[in-house]
Every structure is written in structure tokens, then in C-alpha cells.
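First the structure, in the form of C-alpha cells, and then the observations on it.
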Amino acid sequence: MELRSTIRTAWWHKATVYQVYPRSFADSNGDGVGDLPGITSKLEYLKALGIELIWLSPIYASPMDDNGYDISDYQAVAPEFGTLADFDELLAQARLRNIGVILDLVVNHTSDEHPWFVQSRASKQSPFRDYYIWRKPADDGGPPNNLTSSFGGSAWTLDETTGEYYLHLFSRRQPDLNWENPNVRGAIYQMMNWWLERGIAGFRMDVIDYIGKQVDQAIVTDGPHLHAYLHEMNRATFGSRDVLTVGETWSATPGSALLYSGRDREELSMIFQFEHVTQQWDEIYGKWRSRPFDLIKLKSVLSKWQYALADDGWNALFWGNHDLPRAVSKYGDVKGYPVESAKMLATVLHLLKGTPFIYQGEEIGMTNAPFTKIEQYRDIETLNMHRLHLEAGLSPEDFIKGANENGRDNARTPMQWTSGANAGFTTGIPWIEVNKNYATINAEAAMSDEHSIWNHYRKLISLRKAYPVIIYGRFQSYLDQHPDVLAYTRTLDTQRLTVLSNFSARTITFDLPHELLATGRCLISNYDPVDALKTTMSLRPYEAFAVLAEVAGRDGTKS
Ligand code: GLC
Ligand code: CA
């Protein structure tokens, strides 16, 4: 008997998700801050691109210490972004265009202005005391242990009112919720159901690998109850609905990914894993010191994840987001080959197995912000790290260099819509400077040029809808040790898609493995179409293309 894993399909396998960072997307009222009516006004743009789902970074009421990742009311919209009515209008307009809306679920922590925390800190007897994580000072009066905040310094802050420390794995204005308290979990599930009832299409779950933490043992990620909580959440909220859920999990391994996204686990649809990002970081200084880009390493990580989730689980595919550098600045060549390299990166990513995520502006090749002074930055992480690193002796110039390469504001400058004032983002003064290159890099120019990066993305998105081999084909990597070429195939039944790409600014000539030789149809390319896969291949700078060929036998195996 032949054993074949049965493909269980889901609507979001074929979709391409677009991440909107509301603050920087489109400003409808001239206050310099993007907002919900602004997003609604750009739905036609997203539809033209082929987008079926958008993920909104937080839109909730918030003092904006961390641009909305510090929520003071989960069931209200931040006034600067609009009202609940604006949100309902966005949902309705999106639905008319077959676009679903995914919200950011930030439930590892709240804002210190959330009423739960206000009551929790008021007294040790408060019924909300146990909603957060409080500990007595250590014997010397210092913090209970050495846990540190991702934004620098201790993860503990002493609260004068009760003389105890509370935990915050991010800023001190982002106290961590106590997930061990069933009332906390119940309140969160209720809130999630309230949004699901409104008609949203799912959740992106912020640092969700933290919720099982065991602080007294200094365990932050992958705590013992993490998967039990996610299973419970699934059952109590979205499990009965056909929605997409994606967890942000910096700690994920292929093993834990199968727990999060395994088809019979009843947890999440998929996760964002960051191994391809962190393997580029410095062992000591993390992302604040740059290291040369190593394609062989990147390929090994991408392949490892493709193989690990080949039969179960599902990959979320992305190069960038609001916390990461711009894809083309990080992995491409902004100076020499901005268009070719941006298209190459998109081709490689969107033809892998998984659901691709596009970060706003990536589709027009937006680049890192070239700031020169610390005063131009707005991000709490960058500003905190600036203080700490300068205290530790780093020169201001070196810090700015690191921040320009890997800081979070790089990707948070306003969306570049036109070549007009402020890139058409606002009629007022933008909350953060617009990248000066908007005169040439903008959506209006991109849409009217048939050879633009934008049209390349549009094509990739439509190919996913037309070719099941892109969605379900078996992945196989080739030329793993080649320092410049990334090559893989996707095979489904009698079809094989071969993807070849050059990650360098030189023409690279190499031999193709014998089994890949074929003539087929070029589905996409960033120079002119190539349809013959020959023994000796030459790829021009940042060239990438995909050839679809018929192969003998099912799954490409000789029968
Ligand atoms: C996630 C978000 C990031 C935020 C942090 C704390 O990593 O993507 O922007 O600062 O969580 O909520
Ligand atoms: Ca506004």
C-alpha cells in the first residue's frame, strides 16, 4: 500500500498577508499620525495588489509608550487612530473587497494605565493584585532576580505604594500579566470573543511564547504551561471559527513549531520564527553590531524550517516587519541593484511553502531610514539602548550606524504614496520623518510602471492563487554550499517548480545538478524570462526566476 500524507487545506494557505503599521500607513486628518480612515482609504490599493488579509499592528487605546504595544483598554480604539465606528467601517469596506482583518493580540502585558494594573498596584488586597506578577524585594532590597527587560535594564520595578516589585519584560510601562491566574485568562478570552464577534479574521499574537513563564525559575519562553494555555485559548475562543492565528515566537525551534501549529494540536495556524534573523546577529552585542551577511547560513535556516514543517505544521514566511530592518536594505543591494534585489528577495520568499507576509512599503522597495542624529529616532527600544550603550562606552557614531542597520524605526517611517509633500502620507507634520527617497520610491510611480517591484509582488501573489505546486509542493534545496546562489524546487504530482536566485552583485556561473535539467515555462523572473534549465547556468546580479516543468511520475519520482 502506498502511504501519502493527505493534504488538509485551509483558506489561508493560499493567501498573502499584508502588515499595516497604522501609525505610519495613511493619515486622513492631517495630525501627522496614520489612522483607521486612512487605512480604509487604501483598501483599493491593497485589493489591486491581490491582498486577502491585513494584519494591523495595535490600534487599541494606549499611552503609546511602545507605539500601542502597551494597551490601556482592549475594547477601545486609540483616539489618534479613530473610533470603534471607524473600525467597523474598515471591516465592512474590507469585507466588500474580500479582505480579512487580523488584529494584534498583545496579552503578555498591558499598559501600566490599564485599569487592571491601576487597581493591582493600589494594594496587596486588591482583587486585581494577582493579575500581574509581584514579588518581594531580595534580601538587599534589590530586584527579586536577574531577569532583564528586552528594552534594557532589570525586568523588575519597585512600586513605592506596596513596597514590592512588578515584572515587565519590556518597558516599565508594560507590566506582565499573570497567566497562571485563571481570571486573567478568562478575561482575555472574553475580550478575544468580543473582537471575533465583530467579524475579524484572526489574531497575530505578540510574544506569545512568553505567556507560560515561570519567573522564580527565570524561565521566560516555552514555560511548562505554554501549550496548555494556547490549547485552552483555542477551545475558548477562535477554535470553532475559520480564522488565521499566527504567534510571534522568537524562541521557536522546529520542534516547538510542530506543537504550536501541528494540525491536530488545536493551538495556532502558524508561527513567526526568527532564526533567519537572529543567526545574523552578533553573539555579544546582538543586533546592535552588524555582521556580514552569510548566505550559506541563511539557506541552511530556511531549508531546515521547510523540511521540518513539510508534513505537519505550517510556516509563516517573512523578511521584515515593524521590528526589523527593511528587507532590501538587509538582504539586498540598495545602492547597486535596488529593484533587481527587491524582486529577487520576493521571488525566493513567496515561492517557499508557507503563508507570505508583506510589511507595508516592502512591495515598493522602501529602504531603511538614513538617520544621522539620535533626535530623529522615536522608538523606545532605540532610545533606551542609546543611553545604555553610550554609558557602556560605545561611540554615538557607532550606535547610529547600528541603529541605521537594525533599529526598529528603520521600517517605521511613513508609507511612501506619492512624490508630493510628505510622500502623500500626511498634509501635516509626520510623527517621524519621511525617508527622503520618496521622490523616486513611491506607490504611485510603482503602480504605473509595469516593471516595478510592486507589479512583481502582484504577480507573485496571483501565482499563489493559480498554482497548487506553490502552496503544497514538496520542498527540496540544492547547492547548499554555494556562497551566492540560492536554489530550490517544489514538486507536486507531475509538476516541478525550480527556483534559482543570485544573492550577489556579480554574474555567477555554476553547474546545475543533473536531475534539474529540464525545459518548462518561466512563471516569473526579474530580468527576461528563462525557460531552459541547462547544465551550465549563468545568473546576472540578483537575478531570480522560477521554471515550471513536467516531470515523470507522481511527486517527481520515476515510476
Ligand atoms: C513584539 C512587538 C514589538 C513590541 C514587543 C512588546 O515583539 O512586535 O513591537 O515592542 O512585542 O510588546
Ligand atoms: Ca491622523
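The values are calculated or read from the model by the stated rules, or taken from the named source; none is laboratory data. Everything numeric here is computed off the predicted structure, so don't read it as measured data. So basically every Cβ, Gly included, is an ideal-geometry build from the backbone, and we count neighbours across all protein chains shown. Heads up: the accessible areas ignore ligands, DNA and RNA and are worked out on the full protein's heavy atoms, side chains in. Shrake-Rupley method; radii C 1.70, N 1.55, O 1.52, S 1.80 Å.
Listing for the model above:
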| item | result |
| --- | --- |
| Selection within segment 302-330 - among the aromatic types (Phe, Trp, Tyr), open to solvent by 10 Å² or more (accessible area, probe 1.4 Å) and in a helix (DSSP H, G or I) | Tyr307 |
| Single condition Tyr210 does not satisfy, out of (1) within 16 Å of ligand 1 (Cβ to nearest atom); (2) open to solvent by less than 30 Å² (accessible area, probe 1.4 Å) | (2) |
| Failed item in (1) within 16 Å of ligand 1 (Cβ to nearest atom); (2) over 19 Å from Trp194 (Cβ atoms), with Ala138 passing the rest | (1) |
| Matching residues, segment 140-156, being over 24 Å from Gly286 (Cα atoms) and in contact with a Ser or Thr (Cβ under 9 Å, 6 or more places away or on another chain) | Gly142, Pro143 |
| Segments classed as helices (runs of 4 or more DSSP H), wholly inside segment 24-141, with at least 1 members that are in the same structural domain as Tyr189 (by TED's automatic domain parsing), within 16 Å of ligand 2 (Cβ to nearest atom) and open to solvent by 20 Å² or more (accessible area, probe 1.4 Å) | 36-41, 84-96 |
| Count of segment 168-189 residues which are open to solvent by less than 20 Å² (accessible area, probe 1.4 Å) and over 14 Å from Val107 (Cα atoms) | 1 |
| Segment 490-539 - residue that is of a type in the set (Ser, Thr, Tyr) and in a loop (DSSP other than H, G, I, E, B) and, of those, farthest from Tyr478 (Cα to Cα) | Tyr527 |
| Within segment 339-392, tally of residues that are hydroxyl-bearing (Ser, Thr, Tyr) and more than 19 Å from Val20 (Cα to Cα) | 5 |
| The one condition in (1) without any contact (Cβ under 8 Å) to a residue 60 or more places away in the chain; (2) in contact with a Ser or Thr (Cβ under 9 Å, 6 or more places away or on another chain); (3) of a type in the set (Phe, Trp, Tyr) that Tyr377 fails to fulfil | (2) |
| Residue check for Gly186: touching a strand residue (DSSP E or B) at 6+ places or on another chain (Cβ under 9 Å) and either in a helix (DSSP H, G or I) or not assigned by TED's automatic domain parsing to the domain that holds Ala78 (or both) | no |
| Selection from segment 223-251 of residues that are crowded, with 23+ Cβ neighbours inside 10 Å and either of a type in the set (A, V, I, L, M) or within 16 Å of ligand 2 (Cβ to nearest atom) (or both) | Leu226, Leu230, Met233, Leu244, Val246 |
| Residues (of a type in the set (Val, Ile, Thr), crowded, with 18+ Cβ neighbours inside 10 Å and more than 30 Å from Leu548 (Cβ to Cβ)) located in segment 420-478 | Thr426, Ile432, Val434, Ile441 |
| Pair list, Cβ < 9 Å and 6+ apart or interchain, from segment 449-469 residues that are of a type in the set (S, T, N, Q) to residues that are open to solvent by less than 60 Å² (accessible area, probe 1.4 Å) and outside any helix (DSSP H, G or I) | Ser452/Gly365; Ser462/Gly50 |
| Selection count, segment 350-367, where residues are open to solvent by less than 10 Å² (accessible area, probe 1.4 Å) and closer than 30 Å to Arg474 by Cβ | 10 |
